[in-house]
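Beneath this line is the structure, given in structure tokens, with notes to follow.
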Amino acid sequence: MLDRAKRNYAAPFWTCLAAIVLFATGLIVLLYQNPRISLLAFEGRLELGAPAVLISHPVGGIVDRIKTADGDWAEVNQILLEFDDTALAAAHKLNEDRWHAATVRLARLRAELAGEESFDLTALQNNIGSSAAIADLFERQAALFRTRAQTRAARTKQLDEQIAYLRNQLATAETEAAASPDPEIIAELEQELTETEARRQQIGTDFRQAIEAEIADLDPLQRDLAAQLETTTRQLDALTVAAPVAGFVRWADGIAEGAVVAADATLAELLPKGAEPVVRFALPARQAAEIDVGQDVEIRHDDQQTPLAGYIRSVGPTTDMKHAVTVALRAPETRLPAGTTVRIVVTTDVTRLLRDLAAPTLAQARPE
């Protein structure tokens with residue numbers, strides 16, 4: 001009978017012990033899978049801790065390379081994005097070639113107008129640079145300078161010879177006229193000589209007028225091409241977008257390599273330190289006492305499948321016996337707009353919770 005009684009008491013004991021072991025095992029597994037538990041939950045509105053710096057581009061274009069990932073921290077002047085320069089570089093090269101051609105042509109015209117005997121391009125070449133194309137351009141203009149000079153010289157020589165011949169004929173006619181005067185022959189020779197001398201004089205006049213007209217047309221074109229060249233040079237320099245301030249990069253929707261960006265469209269936002277999205281709210285003193293600065297929180301929203309990570313940035317008393325609490329997101333690249341209502345869940349580590357719960361008991365059990 002004694003053995004039966006022992007067996008009757010032993011069965012519930014082992015059953016209870018087995019239940020305790022199973023419960024403890026399940027608790028350990030649960031805590032291993034989810035080592036954090038929620039303490040408090042409340043709602044608030046998302047806002048920016050400080051104004052974001054908007055980044056745009058005055059011209060826009062096709063995005064060639066994005067050099068900073070969404071959410072990365074960028075230092076001042078760090079390159080964030082580069083635009084494709086294919087079309088702009090082609091336009092710049094066209095403007096440059098046209099400006100070179102107009103500049104060299106102007107130099108040749110002014111040398112001709114000044115009556116220079118040669119076309120020296122040394123000083124001009126020092127200003128616009130040197131290349132095979134420019135050397136070819138110089139040579140063609142120099143050849144034109146020589147050809148035009150030779151043509152004028154040949155025409156002038158021809159008229160000079162004709163004038164000399166007419167003067168000789170007129171002198172002979174005047175000598176012969178002393179014996180047998182013939183006024184008609186002398187008058188014809190004088191008229192032809194006058195017309196030939198006028199044509200000789202007109203060569204220089206027509207040449208100067210033609211050059212002055214060319215310069216009048218070409219000079220404003222050359223200035224306009226220089227202005228266009230300066231513009232495309234600035235635009236090429238501006239194809240790299242750099243960070244004006246240090247901060248977290250948050251790219252605008254649709255910004256990706258290959259995307260076409262309109263002029264002045266927003267490319268990204270830079271969130272300086274202190275500009276991370278935050279949620280501010282007030283807690284009663286009793287609840288505020290349960291949280292610490294730096295403690296982890298979860299920020300939940302219906303549009304986010306995975307909770308956003310955050311932390312308690314500050315806790316301070318207010319005038320109405322409550323404490324002002326500021327929660328900051330650890331992921332500043334979040335796409336939730338300011339004003340969005342979110343749910344804040346304060347979490348804690350289970351081991352810390354168990355330690356806090358056991359602290360009073362351990363203090364009472366500690367020997368004096």
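The values are calculated or read from the model by the stated rules, or taken from the named source; none is laboratory data. Quick caveat, the model's predicted, so the values are computed rather than measured. Virtual Cβ from ideal backbone geometry, glycine too; neighbours counted across all protein chains shown. The protein model used for the area step is the full one, side chains on, heavy atoms only, and it has no ligands, DNA or RNA in it. Shrake-Rupley method; radii C 1.70, N 1.55, O 1.52, S 1.80 Å.
Does at least one position in the stretch 166-174 carry a residue that is open to solvent by 50 Å² or more (accessible area, probe 1.4 Å) and closer than 30 Å to residue 144 by Cβ? No: the stretch 166-174 contains no residue that is open to solvent by 50 Å² or more (accessible area, probe 1.4 Å) and closer than 30 Å to residue 144 by Cβ. Examine the stretch 303-319 for a residue that is open to solvent by 60 Å² or more (accessible area, probe 1.4 Å), on the phi < 0 side of the Ramachandran plot, among the β-branched types (Val, Ile, Thr) and free of Cβ contacts under 8 Å to residues at least 40 places away in the same chain, and state whether such a residue exists. Yes; the residues of the stretch 303-319 include at least one that is open to solvent by 60 Å² or more (accessible area, probe 1.4 Å), on the phi < 0 side of the Ramachandran plot, among the β-branched types (Val, Ile, Thr) and free of Cβ contacts under 8 Å to residues at least 40 places away in the same chain. Against the numbered list (1) in contact with a Lys or Arg (Cβ under 9 Å, 6 or more places away or on another chain); (2) in contact (Cβ under 8 Å) with a residue 60 or more places away in the chain; (3) β-branched (Val, Ile, Thr), residue 233 comes up short only at (1).
Exactly one residue among 80, 106, 94 is among the aliphatic types (A, V, I, L, M) and without any contact (Cβ under 8 Å) to a residue 40 or more places away in the chain, and that residue is 94. The one condition from (1) more than 20 Å from residue 53 (Cα to Cα); (2) modelled with pLDDT of 75 or more that residue 347 does not meet is (2). Determine whether the stretch 269-280 contains at least one residue that is open to solvent by 40 Å² or more (accessible area, probe 1.4 Å) and free of Cβ contacts under 8 Å to residues at least 40 places away in the same chain. Yes: one or more hits. Across the stretch 211-232, the number of residues qualifying as within 27 Å of residue 153 (Cβ to Cβ) and loosely packed, with under 13 Cβ neighbours inside 10 Å comes to 4.
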